[in-house]
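Data block below; observations after.
The values are calculated or read from the model by the stated rules, or taken from the named source; none is laboratory data. In this text the structure is predicted, and so the values were computed from the model without any measurement. Cβ sites come from the backbone with ideal geometry, for glycine too, and all protein chains shown count toward neighbours. For the accessible areas, the whole protein counts, side chains as well, though only heavy atoms, and no ligand, DNA or RNA atoms are used. Shrake-Rupley method; radii C 1.70, N 1.55, O 1.52, S 1.80 Å.
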Amino acid sequence: MKRILIVTVIGSLTCLLRQEAVAQTANSSPFLDSIAEQDELSVEQIKSHTLIDSVYFTGMFSRAGFTGDTVFRFSNGFIGAIINYDDRMVSSSKFLLVFEPSDYRNTASGIVYSDADKDESSAYNDRRYKLMLDKSMFETIETYYPRGSDKPNKVYRTKWKVTDKGAVVQVK
């Protein structure tokens, strides 16, 4: 009896969390809803709704896949979305997309997270990010590892701001 109750409670909480994420994008586009629901995204959706360069899903990357991750609002009103990218070879990334709130047009995009299979015979780097929604900003943290080492030798932190026109600019 207790097991059934626990499963029911966990299932209910999961539903509530998903409903909350979807409610945050209420009155939005079906594409943003798909991202909030963490659905698989087709190449046609990526072509139609984003500024992501076709190099990420054509040629040797024609098997690559995209899935939704998160939708949120920056303090200046622009809508932000994170989508996952898997090249289905050695690397995965996350794109940050910025959307105009009035017509859901993608105004900027860029990679904010990247990771690839580590090869000890060559240098290696990764990228992480930190959102600062209250300031319409985010930060990327790039870490470089020398060949044969698991300790970074350089870390670069770059702050970015979403402007009132929906562009992404580096903060100096």
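Specify which of the listed residues (G77, G59) is without any contact (Cβ under 8 Å) to a residue 12 or more places away in the chain, over 17 Å from the mean Cα position of the chain (by Cα) and surrounded by fewer than 16 Cβ atoms within 10 Å (Cβ to Cβ). Walk me through how you get there before you give the answer.
On the way: G77 fails: without any contact (Cβ under 8 Å) to a residue 12 or more places away in the chain.
The match here is G59.
Of the numbered criteria (1) open to solvent by 40 Å² or more (accessible area, probe 1.4 Å); (2) assigned to a loop (DSSP other than H, G, I, E, B); (3) touching a strand residue (DSSP E or B) at 6+ places or on another chain (Cβ under 7 Å); (4) at pLDDT 95 or above, the one K159 fails is (2).
Criterion applied to S92, S109, S114 was being farther than 20 Å from Q45 by Cα, among the polar types (S, T, N, Q), assigned to a strand (DSSP E or B) and open to solvent by 10 Å² or more (accessible area, probe 1.4 Å), and the one residue passing it is S114.
Report yes if some residue within the stretch 129-139 is on the phi > 0 side of the Ramachandran plot, touching a Ser or Thr at 6+ places or on another chain (Cβ under 9 Å) and open to solvent by less than 70 Å² (accessible area, probe 1.4 Å); otherwise report no.
At the first step, the residues of the stretch 129-139 found to be on the phi > 0 side of the Ramachandran plot are 136.
Still in the running and touching a Ser or Thr at 6+ places or on another chain (Cβ under 9 Å): 136.
Now drop any that are not open to solvent by less than 70 Å² (accessible area, probe 1.4 Å), which leaves 136.
Within the stretch 129-139, one or more residues are on the phi > 0 side of the Ramachandran plot, touching a Ser or Thr at 6+ places or on another chain (Cβ under 9 Å) and open to solvent by less than 70 Å² (accessible area, probe 1.4 Å).
Condition check ((1) in contact with a Pro (Cβ under 7 Å, 6 or more places away or on another chain); (2) more than 18 Å from G166 (Cα to Cα)) across all residues:
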residue	(1), (2)
P30	no, yes
A64	no, yes
F78	yes, no
S92	no, yes
A108	no, no
N125	no, yes
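Could you list all residues from the stretch 86-132 that are among the hydrophobic types (A, V, I, L, M, F, W, C) and either over 18 Å from S75 (Cα atoms) or modelled with pLDDT under 95 (or both)? Those that are among the hydrophobic types (A, V, I, L, M, F, W, C) and either over 18 Å from S75 (Cα atoms) or modelled with pLDDT under 95 (or both): M89, V90, F95, I111, V112, A116, A123. Do we find a residue being at pLDDT 95 or above and assigned to a strand (DSSP E or B) anywhere in the stretch 46-57? No: the stretch 46-57 contains no residue that is at pLDDT 95 or above and assigned to a strand (DSSP E or B). Exactly one residue out of R3, R18, R73 is at pLDDT 90 or above and basic (K, R), and it is R73.
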